[in-house]
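First the structure, in the form of structure tokens, and then the observations on it.
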Amino acid sequence: MNTKFKHLTIGTLSTLLAVPLVAQAELFTFDPTGGGAGTANLALIDQAPGSALAQGGVTAINNFLAGSGSTNFTLHYQANLSSIQFADTSIGFANGSGGNFFTFVAGFGETVVGADPFPGTASFKFDPTNPVNFFNMYATSTVGNNLTGTGFISGAPILSAHIVTVPTSNFQVTDPAPTNLDNSPNGDQWGGQQSVTGGGVSDITLVVDSVNAGYFPSLTPASTITISFFNNSQVDPFRQVDPSQCFNVTGSTCDGGGGIISLGTLGALNGGTVGPNFEFQADGTQSFAVPEPASLALIGLGLSLMGIFGKSRRRAG
């Protein structure tokens, strides 16, 4: 499960009614200067490895196994851009080129729908009742600092979206033996915080709410529904970047002394049974698609029934 999943499926979105929503893959134009020109026929937004925090995730899993208490939690995510690519994955823009940098900050709710006793596998679904639901891309003057969480939010987002479905989301503990959470190339910055070893994957579908036309001149969410597919791999321990000790949220940034502090909230063993939170390295890729006209009605129907389907199930350990 530690192998990164960078495969992105474009062209079909399944609504919660299990009815296929046909979507046409949308190539887009991106101008890193915000000038409204840029490079055309781009297909993928490849994020660099970043951090994700399941706030209340350990508590939710414990409650699921106990059969009582809330099984809901909030997932926070932040990462830098790696590159924006053509369909063949060749690079059209690399983060930092020309002094232009871009970051991502997101948050949304999930619910535990399956869990084995530790160590094992847990699976999750989207929680539409959680008030936290956003996915923002920012233009910044430098890379975001993965350790401190600073530098990820700058001004207004150049792309803003919200999550509508999470068809797949899981994490498997493959080795409960303690190891440093921070195994990144610059050494342990977390004072010996221990973690399990494991991995998982999430497939997330977003609807784009707004874009800055200076950066994305070809995306027009105001006049059509633009779907964004986001595929994310998640692993522990961190081997490529420092784990974030602070996570940005709307209205509260790590730069301003706010945010959500993860340091000291993971228990003696990150991914164990104490928590209450769980942190993991996340690596995502994103693309866009426009639903075919005959399928537009299915979006509203699927979203209106979002909370009805998918009964929680418990697997015996």
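Where a number appears in this text, it was derived from the coordinates with a stated rule and is not lab data. Source: prediction; values computed, not measured. When we count neighbours, we look across all protein chains shown, and the Cβ atoms used for this are built from the backbone with ideal geometry, even at glycine.
Observations on the model:
- Among 215, 77, the order by Cβ neighbours within 10 angstrom, fewest to most, reads 215, 77.
- The HN-Hα couplings worked out from phi for region 155-161 by the Karplus form 6.51 cos²θ - 1.76 cosθ + 1.60 (θ = phi - 60°) are x, 7, x, 8, 8, 10, 9 Hz, whole numbers, x standing for Gly and Pro.
- Burial ordering of 274, 249, fewest other beta-carbon atoms within 10 Å first: 274, 249
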